[in-house]
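J.: Have a look at this one.
The values are calculated or read from the model by the stated rules, or taken from the named source; none is laboratory data. Bear in mind the structure is a predicted one, so any value in this text is a computation, not a measurement. All Cβ positions, glycine included, derive from the backbone under ideal geometry; neighbour counts span all protein chains shown.
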Amino acid sequence: MDLTHTALFSRSPDLQGGDADAMRSTLRDYFHATFDRYEQLFSTLACDAAYFEKPISLRHPLIFYFGHTATFFINKLLLAGLVSERINPQFESMFAVGVDEMSWDDLNDKHYAWPTVAEVQAYRDQVRGVVDTVIATASLTLPIDWAHPWWTIIMGVEHERIHLETSSVLIRQQRLDWVRPHPSFAVCALTSEPPSNELVAVAAGTVVLGKRRDDNVYGWDNEYGEHEAEVTAFMASRYLVSNYEFLAFLEAGGYATAAYWDEEGWAWRQFTQVQQPTFWVRDGAGDWQLRLMTEVVAMPWDWPAEVNCHEANAFCRWKTAQTGQIMRLPTEDEWYRLYDVSGVAEVPADKAAQANLHLDYWASACPVTQFAQGDFYDVVGNVWQWTTTPIYPFAGFEVHPLYDDFTTPTFDGRHNLLKGGSFIACGNESRRDARYAFRRHFFQHAGFRYVVSDAEVIAPNVYYESDKQLSEYAEFHYGDSYYGVANFPKTLAEIATAATANKPRAKALDLGCATGRATFELARAFDAVTGVDFSARFINLGVQLAQTGNIRYTLVDEGELVSYKTRDLVSLGLDGTQSKVHFEQGDACNLKPILSGYDLILAANLIDRLYNPAQFLSCVHERLNVGGVLMITSPYTWLEEHTPRQDWVGGYKKDGENFTTLDGLKAQLGKHFRLITAPQDVPFVIRETRRKFQHTLAEVTLWERVG
């Protein structure tokens, strides 16, 4: 029986094609289909108020997500060099970051004068036109791979498909009288008697994970690399846990019994005082109903229970107490073993999936008995499935240079992997390689199945201190001194402090702060210091130090041999500064309006890494109080991979004569600044291995704002 209710939503394309015109056509359809479906999703909001009232306190209002995916296209296409100018710098800053409730997110609404819905729609129309023009006219050679500029186009589309799902969850949590049904998001009407769940044996086997770099379909950074594991035999529930099966846990007092919850889960339960799954509601007669995205229906007891990871874990502990068998969530490796033995395949390109997946059937869950896959049901599709595995990097993991914070902020032990995809998981989300993770208290369209196994669950090394570049910067900022060269960020802070003697020291901005040492050092003298960097993974180290007082990281000694370092604020003489520092992610060429009114701005080794340094230099005075000091340091290592040749501030011949970066700084800053003192060279050393170091000189210039 064909259960599909709409034409198939376009799949993630094969990027290996040999015909450029055909590829342009494919990508144009893929882009427009996604852009259209995303706007249809927001048309389920029945009034403008629904855009501006937060569905939950930990996220921005929906107007942010309506604009966010469009600004993502422009911000990434700029970095890739596929567009040369912004459409709306204010929007492209306001809507750029703040998706997950990361500790550096600024979710204070008084900082945002949100635009109207009509203004954001008009902006989206402009973005649509720009992306369409890029696809039609930009130079294209095939295949499109990780290093190809057009990778960012696919990145933008797949990013919007992720938010198609996450925004649908927020809409599902919005006031019911503020939402309305839409024909593109029809819900399932099937329901029957819930099945009796049972355990099915799964033989031992090997799972091989990790996407190849030459794979012909787009992937996110965490999918690449290598991981192979031997999975011991286990048993798994044939079905996802249904609403009816979960009801027994609720009626047994599961939400009120601390023994069924781990420490983190019970703290969440106590804080929220939750007594049932978030999408369960009672009608006037006291009967259970289920909140869907835009409506409430009588409880379909044979649909999967949609809960967060804490609730799923608590159910498993209760089930263990009832049966005497140790039940738990599967590991990521065990889920892949289920995938392999069930004979599941990728979503077909030209026909509906054999699963409630990719919006091929409904915009809701369906009975857990609807889609058989081998001996199991819903190994993929229907709802995401929580695992017990925190997301971690595979061997060979690399961040994409144009989106370095897609995964790295989640390598913290607090984000658990979900597998299998949901009814609305489209594109990359629906594929075998997909690796998505959320905080354990978050709600997605997610449920779970349980397993019984004698195998010990070993937590992977989730932390990202082993990232080579991050570790080098951690040592550069907080580690040992080498060859008699003083700590560079500390030296810069001392120079800045001396330059602001007898001047106000209320606020300082450490722009391009990297892992944040200068931010803490400046807090010795300034009342408040903001550290801003484009890299979320760098900022995370500063945040960790501010929150916990210490950091751990590894250093490469030689080959695979490493040493382990721990640093803390007390031993660095910085204890007490953490209350005065604040970190956030930002683009120096397009900063948030709130980042202004500073008495000092430090731009350390930043100018020659900006994609548009002239834009930064022409506007930086707006961020600084009159009389304030701008401190610029740089070794002036101009490279076209960072800055287009025509945008270099200096380092070239002009009218036949040498034109240095200092000449360029004087020319571009002269209208609003005066050079306070003669430039000075400050050395720094970066350790790469025990026997390899970079020794560099940065020129330091100090500028006072005069107008």
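J.: Mind checking which residues of segment 199-250 are on the phi > 0 side of the Ramachandran plot and out of contact with any Lys or Arg (no Cβ under 9 Å at 6 or more places or on another chain)?
T.: G210
J.: Residues in segment 544-569 that are surrounded by 22 or more Cβ atoms within 10 Å (Cβ to Cβ) and in a helix (DSSP H, G or I): how many?
T.: 2
J.: Does any residue of segment 53-71 turn out to be under 30 Å from T515 (Cα atoms), among the β-branched types (V, I, T) and either modelled with pLDDT of 95 or more or not assigned by TED's automatic domain parsing to the domain that holds P143 (or both)?
T.: Yes, some residue in segment 53-71 is under 30 Å from T515 (Cα atoms), among the β-branched types (V, I, T) and either modelled with pLDDT of 95 or more or not assigned by TED's automatic domain parsing to the domain that holds P143 (or both).
J.: Listed residues D568, D527, D575; which is in contact (Cβ under 8 Å) with a residue 40 or more places away in the chain and either closer than 21 Å to Y392 by Cβ or among the charged types (D, E, K, R) (or both)?
T.: Being in contact (Cβ under 8 Å) with a residue 40 or more places away in the chain and either closer than 21 Å to Y392 by Cβ or among the charged types (D, E, K, R) (or both) holds for just one of D568, D527, D575, which is D527.
J.: Could you look through segment 643-678, keep only residues that are assigned to a loop (DSSP other than H, G, I, E, B) and surrounded by 14 or more Cβ atoms within 10 Å (Cβ to Cβ), and pick out the one that is modelled with the lowest pLDDT? Break it down into steps so the answer makes sense when it comes.
T.: Residues of segment 643-678 that are assigned to a loop (DSSP other than H, G, I, E, B), as a first pass: 643-644, 648-651, 655-656, 660, 670-672, 676-678.
With surrounded by 14 or more Cβ atoms within 10 Å (Cβ to Cβ) added as a condition, the list becomes 643, 648-651, 660, 672.
Numbers: T643: 91, W648: 97, V649: 96, G650: 96, G651: 96, T660: 97, H672: 97.
Checking each candidate, the answer is T643.
J.: Out of (1) part of a loop (DSSP other than H, G, I, E, B); (2) in the same structural domain as I686 (by TED's automatic domain parsing); (3) modelled with pLDDT under 95, the odd one out for R505 is which?
T.: (3)
J.: Here is a further query. Against the condition loosely packed, with under 14 Cβ neighbours inside 10 Å and either within 30 Å of the chain's Cα centre (by Cα) or touching a residue at least 12 places away in the same chain (Cβ under 8 Å) (or both), how does S192 come out, does it pass? Break it down stepwise before answering.
T.: Values: loosely packed, with under 14 Cβ neighbours inside 10 Å: yes; either within 30 Å of the chain's Cα centre (by Cα) or touching a residue at least 12 places away in the same chain (Cβ under 8 Å) (or both): yes.
Yes.
J.: Follow-up question, since we're still on this one. Report, by residue number, each residue of segment 409-443 that is polar (S, T, N, Q) and assigned to a loop (DSSP other than H, G, I, E, B).
T.: Applying the first criterion (polar (S, T, N, Q)) to segment 409-443 yields 410, 416, 422, 428, 430.
Selection gives S422 alone.
J.: While we're looking at this one, here's another question. Could you check, for segment 202-215, whether at least one of its residues is assigned to a loop (DSSP other than H, G, I, E, B), without any contact (Cβ under 8 Å) to a residue 60 or more places away in the chain and surrounded by fewer than 15 Cβ atoms within 10 Å (Cβ to Cβ)?
T.: For segment 202-215, residues assigned to a loop (DSSP other than H, G, I, E, B), without any contact (Cβ under 8 Å) to a residue 60 or more places away in the chain and surrounded by fewer than 15 Cβ atoms within 10 Å (Cβ to Cβ): present.
J.: Q694 - would you say it is without any contact (Cβ under 8 Å) to a residue 60 or more places away in the chain, surrounded by fewer than 16 Cβ atoms within 10 Å (Cβ to Cβ) and in contact with a strand residue (DSSP E or B) (Cβ under 7 Å, 6 or more places away or on another chain)?
T.: yes
J.: Next question. Report the residue count in segment 443-491 for those that are modelled with pLDDT of 95 or more and within 30 Å of W280 (Cα to Cα).
T.: So the count comes out to 8.
J.: Among the numbered criteria (1) in a loop (DSSP other than H, G, I, E, B); (2) surrounded by 20 or more Cβ atoms within 10 Å (Cβ to Cβ), which single criterion is violated by H68?
T.: All conditions pass for H68, except number (1).
A quick yes/no check of all residues on (1) among the aromatic types (F, W, Y); (2) over 23 Å from N313 (Cβ atoms); (3) more than 28 Å from the chain's Cα centre (by Cα):
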| residue | (1), (2), (3) |
| --- | --- |
| A252 | no, no, yes |
| A256 | no, no, yes |
| E264 | no, no, no |
| A267 | no, no, no |
| Q273 | no, no, yes |
| T278 | no, no, no |
| W288 | yes, no, yes |
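J.: From the list I594, I607, which residue is among the aliphatic types (A, V, I, L, M), surrounded by fewer than 20 Cβ atoms within 10 Å (Cβ to Cβ) and under 27 Å from the mean Cα position of the chain (by Cα)? If you could, list the steps in order and put the result at the bottom.
T.: Details: I607 fails: surrounded by fewer than 20 Cβ atoms within 10 Å (Cβ to Cβ).
Answer to the check: I594.
J.: Are there any pairs with C-beta distances below 7 angstrom linking a residue in segment 616-627 that is in the same structural domain as S596 (by TED's automatic domain parsing) to a residue that is hydroxyl-bearing (S, T, Y) and surrounded by fewer than 22 Cβ atoms within 10 Å (Cβ to Cβ), with the two at least 6 apart or on different chains, and if so which?
T.: Correct list of pairs: E622/S596; R623/S596.
J.: Could you identify the single residue in D125, D109, D105, D132 that is at pLDDT below 95 and either farther than 29 Å from P613 by Cβ or in the same structural domain as N612 (by TED's automatic domain parsing) (or both)?
T.: Working: D125 fails: at pLDDT below 95; D105 fails: either farther than 29 Å from P613 by Cβ or in the same structural domain as N612 (by TED's automatic domain parsing) (or both); D132 fails: at pLDDT below 95.
Just a single option satisfies the conditions, and that option is D109.
J.: Within segment 416-435, how many residues are of a type outside the set (A, V, I, L, M, F, W, C) and either within 20 Å of A363 (Cα to Cα) or outside the structural domain of C316 (by TED's automatic domain parsing) (or both)? Step through it out loud before you land on a result.
T.: Our first condition is that a residue be of a type outside the set (A, V, I, L, M, F, W, C); within segment 416-435, this holds for 416, 419-422, 427-433, 435.
Imposing the further condition that a residue be either within 20 Å of A363 (Cα to Cα) or outside the structural domain of C316 (by TED's automatic domain parsing) (or both) reduces the set to 419-422, 427-431.
Counting residues in segment 416-435 that are of a type outside the set (A, V, I, L, M, F, W, C) and either within 20 Å of A363 (Cα to Cα) or outside the structural domain of C316 (by TED's automatic domain parsing) (or both) gives 9.
J.: Can I ask one more? If the Cβ limit is 9 Å and pairs must be 6+ apart or interchain, which residue in segment 644-666 that is within 22 Å of T677 (Cα to Cα) pairs with which residue that is assigned to a strand (DSSP E or B) and among the acidic types (D, E)?
T.: Close Cβ pairs (under 9 Å, with a partner that is assigned to a strand (DSSP E or B) and among the acidic types (D, E)) amount to T661/E699; L662/E699.
J.: In addition: If you scan segment 219-250, which residues turn out to be among the hydrophobic types (A, V, I, L, M, F, W, C) and within 25 Å of the chain's Cα centre (by Cα)?
T.: Initially, segment 219-250 is screened for residues among the hydrophobic types (A, V, I, L, M, F, W, C), giving 220, 229, 231, 233-236, 240-241, 246-250.
The answer is W220, and nothing else.
J.: Separate question: Check R11 against each of (1) more than 25 Å from R175 (Cα to Cα); (2) part of a loop (DSSP other than H, G, I, E, B); (3) at pLDDT below 95; (4) in contact with a helix residue (DSSP H, G or I) (Cβ under 9 Å, 6 or more places away or on another chain) and name the one condition it does not meet.
T.: (3)
J.: Please go through (1) out of contact with any Asp or Glu (no Cβ under 8 Å at 6 or more places or on another chain); (2) outside any helix (DSSP H, G or I); (3) surrounded by fewer than 19 Cβ atoms within 10 Å (Cβ to Cβ); (4) not aliphatic (A, V, I, L, M) for F406 and return the number of the only condition it doesn't satisfy.
T.: With (1) out of contact with any Asp or Glu (no Cβ under 8 Å at 6 or more places or on another chain); (2) outside any helix (DSSP H, G or I); (3) surrounded by fewer than 19 Cβ atoms within 10 Å (Cβ to Cβ); (4) not aliphatic (A, V, I, L, M) applied to F406, the lone miss is (1).
J.: Any residue at all in segment 137-151 that's touching a Pro at 6+ places or on another chain (Cβ under 7 Å), crowded, with 16+ Cβ neighbours inside 10 Å and under 26 Å from L357 (Cα atoms)? Talk me through it step by step, then tell me what you get.
T.: First, the residues of segment 137-151 that are touching a Pro at 6+ places or on another chain (Cβ under 7 Å): none.
No, every residue in segment 137-151 fails to be touching a Pro at 6+ places or on another chain (Cβ under 7 Å), crowded, with 16+ Cβ neighbours inside 10 Å and under 26 Å from L357 (Cα atoms).
J.: Look through Y239, Y218 and report the one residue that is among the aromatic types (F, W, Y), at pLDDT 95 or above, part of a loop (DSSP other than H, G, I, E, B) and in contact with a Phe, Trp or Tyr (Cβ under 7 Å, 6 or more places away or on another chain). Give the steps one after another, and end with the answer.
T.: Numbers: Y218 fails: in contact with a Phe, Trp or Tyr (Cβ under 7 Å, 6 or more places away or on another chain).
Within the list Y239, Y218, the selection yields Y239.
J.: When you look at I594, is it in contact with a helix residue (DSSP H, G or I) (Cβ under 7 Å, 6 or more places away or on another chain), assigned to a loop (DSSP other than H, G, I, E, B) and in the same structural domain as K671 (by TED's automatic domain parsing), yes or no?
T.: Working: in contact with a helix residue (DSSP H, G or I) (Cβ under 7 Å, 6 or more places away or on another chain): yes; assigned to a loop (DSSP other than H, G, I, E, B): yes; in the same structural domain as K671 (by TED's automatic domain parsing): yes.
For I594, the condition - in contact with a helix residue (DSSP H, G or I) (Cβ under 7 Å, 6 or more places away or on another chain), assigned to a loop (DSSP other than H, G, I, E, B) and in the same structural domain as K671 (by TED's automatic domain parsing) - is met.
J.: Identify, from the list A474, A498, the residue that is touching a residue at least 60 places away in the same chain (Cβ under 8 Å), in the same structural domain as L569 (by TED's automatic domain parsing) and not in a loop (DSSP other than H, G, I, E, B).
T.: Values: A498 fails: touching a residue at least 60 places away in the same chain (Cβ under 8 Å).
After applying the criteria, what remains is A474.
J.: Return a yes/no flag: does segment 166-177 have any residue that is of a type in the set (D, E), modelled with pLDDT of 95 or more and either on the phi < 0 side of the Ramachandran plot or assigned by TED's automatic domain parsing to the domain that holds E334 (or both). Talk me through it step by step, then tell me what you get.
T.: So in segment 166-177, the residues of a type in the set (D, E) come out as 177.
Adding the requirement that they be modelled with pLDDT of 95 or more leaves 177.
Narrowing further to those that are either on the phi < 0 side of the Ramachandran plot or assigned by TED's automatic domain parsing to the domain that holds E334 (or both): 177.
Yes, segment 166-177 contains a residue that is of a type in the set (D, E), modelled with pLDDT of 95 or more and either on the phi < 0 side of the Ramachandran plot or assigned by TED's automatic domain parsing to the domain that holds E334 (or both).
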